[in-house]
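Engineer: Handing you this structure, nothing more for now.
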Amino acid sequence: MTMRFLTIFLAFLASISAVSAAELRGPLGNPATPVSGIALSDSERQTIRQGGYKAALVWHGSSTWVNALTAGAKAAFDELGIRLVGQTDAQFDPAKQASDLENVMALEPDMILTLVIDGASVKSSFDKAVKAGAELVLLSNPISGYQPGREYVGIVTDDMQGMGVAAAELMAEAVPGGGNIGVIYHDADYFITNTRDRAFMNAIDSGEHGAFSVKAKRGFTKESETSSIASAMVLQYPMLEAVYVSWDAAAEGVIAGLRAAGRPDIKVITHDLGVNNLVDMAMGGNLYASVADRPYEIGYAMALLGAYGILDKPAPAFSVVGFDKVRRDSIAQVWQSTYHTPLPPLLQRALQQ
Amino acid sequence: MLPPEKLNKHAIANAFLRREYFVYYVFILTLLFFTVTLHDVSFFSVTNFMNVIRQTTPVTIMAIGLTFALAGGHIDLSIGAVVALAALVAALLLQMVPVPVAVIGALMVGVAVGLINGLLIEWLKVSSLLITLGTMGVITGVARQLTNLESVPIIEPSFNFVFGSGSFGPVSVLLLWTLGIAALGYLLLRKCRFGRHLLAVGGNEKGARAMGISTIKVRIMALVLASSAAALAGLLYAGRLHGARYTLGEADLLTVIAAVAIGGTSLFGGRASILGAVIGSWLMGLINNGLILSGFSTNEQMIARGVILVVAVAIGVKEQQK
């Protein structure tokens, strides 16, 4: 019953999402397919259930986003009778991820779900895992030299390109017709944020969404830097009408800087969902809108792909999950599709005000 | 042999070049440099200086606290982690209890961590570096566990006003916090018996013990002050950001240590300056602000910040050796 509900729910999400999968291609040029195509028949589920398989999650870091990812994977594991034997957090350190992988391999997992921080430097550790027969399912980042169906089952990822374009569309909503904006981007080599930021900039520069003038463009490497950057930006360019910032936690500093500068009129557009900023949005603060992906859905799909690998079932090489535009009126709905948890009480209160 | 008038001139020159004044000269020079180079972007304005104060206050408060620990010959690496834990405790308590109770609860986190650090260091006779490295890990883990990495919003307007977001005209409450805590720190270190005992313990422990000073008690108190200041810094972050998250303060430790060292406090005990710590932290904030306004890229900012720090510390150490 739960499985049927989830299948219908995932299909529903896929149908309403703004996936621009057709424009995306995987690392080896494989066409992107919507994640809704990943499914197991009743007999395949039965086979997996009877196998008593084990899984490990070798994550890149930890955050509420990773928690939702894990929750999605666990939901699928529970349905399929797969035992989760290990879970690691590499804290964005490739060397630690290599050690983590070696450690979980001692538990002999049949499948490993992972986001590889640096596909080149951890390759030798993953080679051992592949040799040991573990089915690899990758999140977003490829591993150099690896082929789908050979070393790994498939890649599941966000529609990063689509998310960047959606942020530009929200910017056009926040400042109709265009205007003066500031951009605070992630100044580090990180595929997901770089792709989203670049897609946003390209969409803004294309002029399709209005006559925008990017008055200031500043990079940051740590979230704690964005408050100083926003304060300086507003001081130098008081004519700014909106600011784009790479992700939610970094936007907290931007909003604090704008509050301190007494500029409730400057709107902020960002990616991802965080309670602090959603409370700001709910209470009519600086945050105008955000673009949120669906980590729970990613985790669920990755687990199913792991089962594909065990069953030797041909799997899509590159699957993409959708995203949602979050405005004040859709906070509750998007929260559910992103995290699959109840709306935090404080956020509920803020929305009622 | 120099004639008396020349000796006098040397004495005056030496007085001006004393180590403890060094941070003020660097601060003034940096201020002048950015004022001239950034004259077209409102660097020298009340609004911008208030920006610097607002961004720097938690670091300043932590620097004042750390000055006490260093004065007694200890270092406290756990202060960054205390910031996050105290902020989260305050944010969670604010959902259940009145503001004063939540504030006291958060500050108690600092007191408790300081006590634990102090007791472990003094009982085990282990380096403060190692003990506080360990407690830093424990507190970071607890802060992450407490809310399962979720941020906790604060919608209590009075808390947000008092602890960071409020202002009286152009004057941010954070400036008042800085001045208040600096004054309190100065009085404790310079005008109270505790401060004199602490400097004596940090400078010459055996001598201090021979004088009848309870070195253990004094050092534990200094660590409690360092942790409590970090807890207060956590409250100030939470008030400014209208919420708390487990990452607060994690990037501050090195900035705080640099600010205190540049300000003239010895990293090995016995010499401390509260005003130096305040100006040292303002200097760090000023450099950060000036570099951003100058339009440097992130990489260039890192290089410039590093070079300025090395030059500042090198000149300071040379002066000390003289």
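The values are calculated or read from the model by the stated rules, or taken from the named source; none is laboratory data. Keep in mind that this is a model prediction, so the values were computed, not measured. Every residue, glycine among them, receives a Cβ derived from its backbone with ideal geometry; neighbour counts consider all protein chains shown. The accessibility values were calculated without ligands, DNA or RNA, using every heavy atom of the protein model including side chains. Shrake-Rupley method; radii C 1.70, N 1.55, O 1.52, S 1.80 Å.
Engineer: Residues A:Ser62, A:Ser125, A:Ser99, A:Ser121: which one is in a helix (DSSP H, G or I), in contact with a helix residue (DSSP H, G or I) (Cβ under 9 Å, 6 or more places away or on another chain), open to solvent by 20 Å² or more (accessible area, probe 1.4 Å) and in the same structural domain as A:Ala307 (by TED's automatic domain parsing)?
Structural biologist: Of A:Ser62, A:Ser125, A:Ser99, A:Ser121, the one residue that is in a helix (DSSP H, G or I), in contact with a helix residue (DSSP H, G or I) (Cβ under 9 Å, 6 or more places away or on another chain), open to solvent by 20 Å² or more (accessible area, probe 1.4 Å) and in the same structural domain as A:Ala307 (by TED's automatic domain parsing) is A:Ser99.
Engineer: Please find, within the range B:29-45, the residue that is farthest from the chain's Cα centre (by Cα) out of those that are away from chain A (no Cβ under 14 Å) and either small (Gly, Ala, Ser) or under 15 Å from B:Val311 (Cα atoms) (or both).
Structural biologist: Result: B:Leu29.
Engineer: Failed condition for B:Phe43, given (1) at pLDDT 95 or above; (2) in a loop (DSSP other than H, G, I, E, B), with all others met?
Structural biologist: Every condition holds for B:Phe43 apart from (1).
Engineer: Quick one: which residue in A:Ala216, A:Ala232 is touching a helix residue (DSSP H, G or I) at 6+ places or on another chain (Cβ under 6 Å), surrounded by fewer than 20 Cβ atoms within 10 Å (Cβ to Cβ) and in the same structural domain as A:Gly262 (by TED's automatic domain parsing)?
Structural biologist: Exactly one residue qualifies, and that residue is A:Ala216.
Engineer: So which residues in the range B:110-136 are touching a Ser or Thr at 6+ places or on another chain (Cβ under 7 Å) and either surrounded by fewer than 15 Cβ atoms within 10 Å (Cβ to Cβ) or more than 16 Å from B:Met62 (Cβ to Cβ) (or both), if there are any at all?
Structural biologist: Passing the criteria: B:Ile116, B:Ile121.
Engineer: Got a number for residues in the range A:18-32 being open to solvent by less than 50 Å² (accessible area, probe 1.4 Å) and either under 10 Å from A:Val320 (Cα atoms) or at pLDDT 80 or above (or both)?
Structural biologist: Number of matching residues: 6.
Engineer: Also: If a residue must be farther than 22 Å from B:Leu119 by Cα and open to solvent by less than 30 Å² (accessible area, probe 1.4 Å), how many such residues does the range B:208-242 contain?
Structural biologist: The qualifying residues number 9.
Engineer: Whether any residue in the range B:272-283 is outside any helix (DSSP H, G or I) and open to solvent by less than 10 Å² (accessible area, probe 1.4 Å) is what I want to check.
Structural biologist: Yes, the range B:272-283 contains at least one residue that is outside any helix (DSSP H, G or I) and open to solvent by less than 10 Å² (accessible area, probe 1.4 Å).
Engineer: Please verify whether the range A:228-249 includes one or more residues that are within 23 Å of A:Gln352 (Cα to Cα) and either in contact with a His (Cβ under 8 Å, 6 or more places away or on another chain) or at the interface with another protein chain (Cβ under 7 Å from one of its Cβ atoms) (or both).
Structural biologist: Yes, because at least one residue in the range A:228-249 is within 23 Å of A:Gln352 (Cα to Cα) and either in contact with a His (Cβ under 8 Å, 6 or more places away or on another chain) or at the interface with another protein chain (Cβ under 7 Å from one of its Cβ atoms) (or both).
Engineer: Given (1) open to solvent by 10 Å² or more (accessible area, probe 1.4 Å); (2) touching a residue at least 40 places away in the same chain (Cβ under 8 Å); (3) part of a helix (DSSP H, G or I); (4) within 12 Å of chain A (Cβ to nearest Cβ), identify the lone condition not met by B:Leu149.
Structural biologist: Every condition holds for B:Leu149 apart from (3).
Engineer: Can you give me the number of residues within the range A:303-353 that are open to solvent by 60 Å² or more (accessible area, probe 1.4 Å), part of a loop (DSSP other than H, G, I, E, B) and either within 14 Å of chain B (Cβ to nearest Cβ) or on the phi < 0 side of the Ramachandran plot (or both)?
Structural biologist: The number of residues fulfilling the criteria is 4.
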